[in-house]
Amino acid sequence: MQIKSAAFVISNTDVIKCPHHNQPEYAFIGRSNVGKSSLINSLLQHKGLAKTSSTPGKTQLINHFLINDFWYLVDLPGYGYARVSKTKKKQFQSVITHYFEKRKQLYCSFILIDIRHKPQPIDINFMKWVGQKQIPFAIVFTKADKLKPNLLDQHVKDYEKALLEDVWESLPPIFVTSATKKTGCDLLLKHLSDLNQEFKKLNSSA
Ligand code: GTP
Ligand code: MG
């Protein structure tokens with residue numbers, strides 16, 4: 001998919017105030033500092049559109065971006081980083097929970113995982129929670145440039161094994177990306193394009 005236009009629309013603390021639209025919306029979620037905002041910028045080929053920082057807790061609001069005048073990408077605050085204060089963590093948690101529980105336009109979520117780490121309960125539990133809410137999700141590994149190729153494959157395989165040994169009968173779509181090297185961006189955009197097509201089909205026959 002070609003990015004013809006990408007624009008910041010609005011930031012909100014409350015899901016109720018988010019834009020009213022009938023288009024597909026996709027949310028990027030994951031631990032603070034996992035690289036959500038960086039990957040959004042790489043996908044949209046727009047440095048600085050989403051605010052990034054090496055200090056966890058940079059994204060504090062629900063940020064909507066409109067792409068190609070049709071679909072929306074949402075950059076959310078991160079969950080569960082040890083160096084983020086307890087108050088902030090609670091505040092982010094409530095923003096995230098309300099967004100996922102109430103946002104009808106959310107068509108698919110993308111759960112970002114730092115590829116360097118072993119499966120963490122906080123991410124697995126989040127996947128389970130989203131699964132219970134019947135919100136489709138894909139897994140996006142980030143920071144692939146930080147691992148050697150053979151280790152990359154091993155980490156993905158270990159993760160898949162852990163998911164299958166847990167409650168999952170099948171695996172969600174999985175992408176391996178690097179925002180710095182732009183690895184995996186084409187495949188991720190292709191997936192988003194497929195989801196948009198699916199959305200259009202479903203809504204034209206409704
Ligand atoms: P919060 O908004 O704080 O939750 O963080 P975030 O998940 O949006 O992460 P952000 O995009 O701000 O990136 C966090 C840090 O990781 C920054 O220092 C980025 O430069 C770095 N980073 C993000 N993606 C990559 C990547 O693909 N490779 C490398 N090497 N660094 C990355
Ligand atoms: Mg961010």
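The values are calculated or read from the model by the stated rules, or taken from the named source; none is laboratory data. Quick caveat: nothing in here was measured; it's all calculated off a predicted structure. Here the Cβ is made from the backbone with ideal geometry for all residues, glycine too, and neighbour counts use every protein chain on show. Side chains are part of the model used for accessible areas, which takes the heavy atoms of the whole protein and leaves out ligands, DNA and RNA. Shrake-Rupley method; radii C 1.70, N 1.55, O 1.52, S 1.80 Å.
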So, with points 7 Å from each Cα along the Cβ direction, the Gln2-Trp129 label distance in nm works out to 4.1
GNM of the chain, Cα pairs under 10 angstrom: of Leu76, Leu151, Leu43, the biggest fluctuation goes to Leu151
Any residue on another chain or 5+ positions along whose placed amide H is under 5 Å from the amide H of Cys108 is listed here as Glu25, Ala27
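What are the trypsin sites (Lys or Arg not before Pro) within the range 40-108 that DSSP puts in a loop, where the Cβ has at most 13 other Cβ atoms within 10 Å? Provide the component values of the computation, followed by the final result.
Numbers: sites: Lys47, Lys51, Lys58, Arg83, Lys86, Lys88, Lys89, Lys90, Lys102, Arg103, Lys104; in loops: Lys47, Lys51, Lys58, Arg83, Arg103, Lys104.
Those that pass, being in a loop and sparsely packed, are Lys47, Arg83, Lys104.
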For the chain, give the magnitude of the charge dipole about the Cα centre (Cβ charges: +1 Lys/Arg, -1 Asp/Glu; no others), in debye to the nearest 20. 740
Per DSSP H run of at least 4 residues, take -39500 (n - 2.57); add these up for the chain, divide by its residues and hand me the 222 nm value, nearest 500 deg cm²/dmol. -12000 deg cm²/dmol
Considering only protein heavy atoms, what per residue accessible area in square angstrom results for the range 1-127 with a 1.4 angstrom probe? 47
Per the chain, sqrt(5λ) over the Cα gyration tensor eigenvalues, sorted largest first, in Å, gives 24, 20, 19
Residue farthest toward the positive end of the dipole of the range 96-153, with Cβ of Lys/Arg at +1 and Asp/Glu at -1: which of Gly131, Thr142, His117? Gly131
Ser32, Ser5, reordered so the largest accessible area comes first (probe 1.4 Å): Ser5, Ser32
The range 108-204: spread of alpha-carbon positions along the three principal axes, whole Å, largest first, is 45, 32, 18
With +1 on each Lys and Arg Cβ and -1 on each Asp and Glu Cβ, how big is the dipole of the range 110-206 about its Cα centre, in debye rounded to the nearest 20? 320
Once label points are set 7 Å from the Cα along Cα→Cβ at both Asp194 and Asp14, what is their separation, rounded to one decimal in nm? 3.9
Could you derive backbone 3J(HN,Hα) for the range 33-48 from the dihedral phi with the Karplus parameters 6.51, -1.76 and 1.60 (θ = phi - 60°), listing whole Hz in sequence and x where the residue is Gly or Pro? 6, 6, x, 4, 5, 4, 5, 4, 4, 5, 4, 8, 6, 9, 4, x
